[in-house]
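What follows is a set of notes on a single structure, which appears directly below.
The values are calculated or read from the model by the stated rules, or taken from the named source; none is laboratory data. Small disclaimer: the values here were computed from a predicted structure and weren't measured. Every residue, glycine as well, gets a Cβ built from its backbone with ideal geometry; the counts of neighbours run over all protein chains shown.
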Amino acid sequence: MYKSGFVTVIGRPNVGKSTLLNQVIGEKISIISDKPQTTRNKIQLVYTEENSQIVFLDTPGIQMPKNKLGEYMLKISKSTLEEVDVVTFMVDDSMEIGTMDNLIIEDLKKISTPMVLLINKTDRLTEEEVLQLIDKYDKMDMFEDIIPISALNNNNIERYIEVLKSKLPEGPQYFPEDMITDQPERFVISEIIREKALLSLEEEVPHGIYVSIDGVKERENKDIIDVFANIYCEKDSHKGIVIGKHGSKLKEIGQNARMDIEALLGSKVNLQLWVKVEKNWRERENKVKYFGYK
């Protein structure tokens with residue numbers, strides 16, 4: 001019997017959703033940073049075994065929207081709750097349940113989809129603290145399973161997978177066994193560049209960063225791929241920050257991104273980056289849609 005199904009992973013920003021899914025899949029597809037709004041799209045990641053296939057939906061962290069982009073991100077996070085076979089709600093090691101988690105819990109109470117709770121970053125807690133957290137969530141009587149994990153250390157992830165497989169319905173293999181994401185190659189490349197920008201830049205700038213790929217071209221008779229990309233920011237003052245003194249910051253972003261892109265494509269890469277300004281694009285619905293957030 002072949003089992004398959006769809007699983008959404010939701011939670012506040014920075015609880016470790018993308019780290020978890022990259023561990024499960026075994027490759028870095030969802031970008032990771034300690035800044036909110038790192039994940040903007042609904043990304044499908046595919047985990048396939050001999051007799052089962054789990055299609056994970058990595059969604060943006062749920063938080064109150066501050067602009068049109070934030071409204072889009074909140075909408076797609078909530079829209080997945082009743083589209084799937086299992087909902088995974090991820091929290092971190094905070095001993096008190098915060099306001100945003102409570103708001104998510106209120107939304108979860110409205111659905112009948114089976115739910116699994118993951119308590120992440122438990123490597124930072126004592127065994128007694130972990131048990132206290134499990135008990136606190138167990139008293140809500142909402143979750144079929146509560147699993148403490150450390151996504152960063154790949155701890156207890158196998159148990160999570162086994163729990164999911166037990167809940168999947170009988171079904172077809174939705175994607176080829178060698179496919180790990182529904183996202184096109186250009187999207188993954190743009191996300192790698194955006195991740196490196198998030199990691200390199202100051203707090204104010206990254207939220208307004210968008211990366212577009214103008215071209216990916218393999219050179220004839222040479223084992224090298226040319227990648228042409230634009231980094232958009234929202235203010236003229238931000239453009240200088242992204243470029244850095246004598247181009248140092250842009251060079252840092254490019255060097256770090258190139259290594260990951262080479263690993264993705266299995267080839268040497270010549271990465272060309274340009275920085276452009278699209279003023280206040282996150283506030284403008286037409287620009288949010290133009291950049292692919294629909």
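If only residues of the range 255-274 that are of a type in the set (Gly, Ala, Ser) and either outside the structural domain of LYS217 (by TED's automatic domain parsing) or assigned to a helix (DSSP H, G or I) (or both) are counted, the one that is surrounded by the most Cβ atoms within 10 Å (Cβ to Cβ) is ALA257.
Restricted to the range 210-231, and to residues there that are crowded, with 20+ Cβ neighbours inside 10 Å and at pLDDT below 90, the residue that is nearest to LEU265 (Cα to Cα) is VAL211. The residues listed here are MET140, MET90; of these, the one that is under 25 Å from GLN23 (Cα atoms) and not in a helix (DSSP H, G or I) is MET90. Among the residues making up the range 115-124, a single one is surrounded by fewer than 20 Cβ atoms within 10 Å (Cβ to Cβ) and either out of contact with any Leu (no Cβ under 9 Å at 6 or more places or on another chain) or not assigned by TED's automatic domain parsing to the domain that holds ASP145 (or both): ARG124.
Comparison of GLU144, GLU127 shows that the only residue that is without any contact (Cβ under 8 Å) to a residue 60 or more places away in the chain, among the charged types (D, E, K, R), under 14 Å from THR88 (Cβ atoms) and surrounded by fewer than 15 Cβ atoms within 10 Å (Cβ to Cβ) is GLU144.
Determine whether LYS110 is without any contact (Cβ under 8 Å) to a residue 12 or more places away in the chain and of a type in the set (Lys, Arg). Yes.
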